[in-house]
Amino acid sequence: MKPSLILFLLSCLLAAETISAQQVDKYASQRQMMIEEIASDASRLVKYIDKDSVSDRVMQSMATVPRHLFIPPEMRDEAYENRPLPIGYGQTISQPYIVALMTDLLQPQPDHKVLEIGTGSGYQAAVLSGLVKEVYSIEIIDKLGLTAKRVLKQLGYDNVSTRIADGYDGWPEHAQFDSIIVTAGISHIPPPLVKQLKNGGTMVIPVGTRFQTQQLTLVKKDLNGAITTKQILPVIFVPFTGGH
């Protein structure tokens, strides 16, 4: 091979590596800006959540997960804006602050087993993956669920198990769960999910319909199995679908 050709190929390789590094840096910078916006939102909403910050563990996970890889390629430059984005099939990836808040409300621990209803793009499951031992995630839209499964596997989130099913009935084969997170609005708290929540466990769920204000609701089951609920703040989620 001629020396001039070798030099040309090396220059192309170096240019490609530079572009790749610039892309990584760009997303890293955008991700950091997203984290700063989440912190700002948390401080402004202290009256709703009784605290002025999201836990360091949750923020670290949010700062690590590549949100741009969980949305359609044509929207990746918008991936770290603090707002929901469409992911197809009438579904959205939630606003980063809401993802952080819901995750924080679960108080995830390294030995926890979590059930997620509404896999969507897989982003919420990825955020949880680094915080807990096991994540079980259910999606009713098969194409979304299969895409999320592939992306999660490619990115190495090996402690996330996914399933295509109606999430209303939960995943009884793997109950009891330390916590349950529901990412679609529903008019009531599904009894099967309450049953599958461990005593001492926590559920976060948006309660309401698309025609009325949904309330992000914190559900607690005490050590004796008694249930208490607390409305956290008004939210807008896509509606829960299924045979219920």
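Every number in this text was worked out from the coordinates using simple rules, so none of it is lab data. What you see is a predicted model; the values in this text were computed from it and never measured. In this analysis, Cβ positions are derived from the backbone assuming ideal geometry, glycine residues included, and neighbour counts consider all displayed protein chains.
Past 19 Å, Cα to Cα, is the threshold; run Lys133/Lys230; Lys113/Lys195; Lys143/Lys198; Lys133/Lys221; Lys149/Lys198 against it and keep the listed order. Can you show the working numbers first?
Working: Lys133/Lys230 26 Å; Lys113/Lys195 15 Å; Lys143/Lys198 31 Å; Lys133/Lys221 21 Å; Lys149/Lys198 26 Å.
Check vs 19 Å cut-off fails for Lys133/Lys230; Lys143/Lys198; Lys133/Lys221; Lys149/Lys198.
Inter-label distance, Asp52 to Ile227: 3.6 nm, where each label sits 7 Å from its Cα along the C-beta direction. Entry note, the chain: the mean residue ellipticity at 222 nm calculated from DSSP H runs of n ≥ 4, each adding -39500 (n - 2.57), is -12000 deg cm²/dmol after division by the residues and rounding to the nearest 500.
Counted as membrane-span-like here are DSSP H helices of the chain whose alpha-carbon atoms extend 24 Å or more along the helix's own axis and whose Kyte-Doolittle mean is -0.5 or above; these are 3-44.
Residues whose amide H falls under 5 Å from that of Leu216, counting only those 5 or more places apart or on a different chain, are Val207, Ile232, Leu233, Val235, with hydrogens built in the peptide plane.
What's the local net charge at Leu155, with K and R +1, D and E -1, over the other residues with C-beta under 13 Å away?
Working: positive: Arg67, Lys149, Arg150, Lys153; negative: Asp158.
Within the 13 Å Cβ shell, the charges total +3.
Less than 12 Å Cβ to Cβ from Met34, Lys/Arg counted +1 and Asp/Glu -1: what total charge do the surrounding residues give? Let's see the in-between values first.
Working: positive: Arg31, Arg67, Arg83; negative: Glu36, Glu37, Asp41, Glu78, Glu81.
Neighbour charge sum, excluding Met34 itself: -2.
Going by how many other Cβ atoms sit within 10 Å of their own, how do Thr119, Thr228, Thr147, Thr209 line up, fewest first? Please list the in-between numbers first.
Details: Thr119 30, Thr228 9, Thr147 19, Thr209 12.
Placing the least packed residue first, the sequence is Thr228, Thr209, Thr147, Thr119.
Sites listed here are trypsin sites (Lys or Arg not before Pro) in segment 200-234 whose DSSP assignment is loop and whose Cβ has at most 14 other Cβ atoms within 10 Å: Arg210.
In this simple spin-label approximation, Ser161 and Ala28 carry label points 7 Å from Cα along the Cα→Cβ vector, and these lie 3.6 nm apart. Put the Cα centre of segment 107-152 next to the Cα centre of segment 219-244 and the gap is 18 Å.
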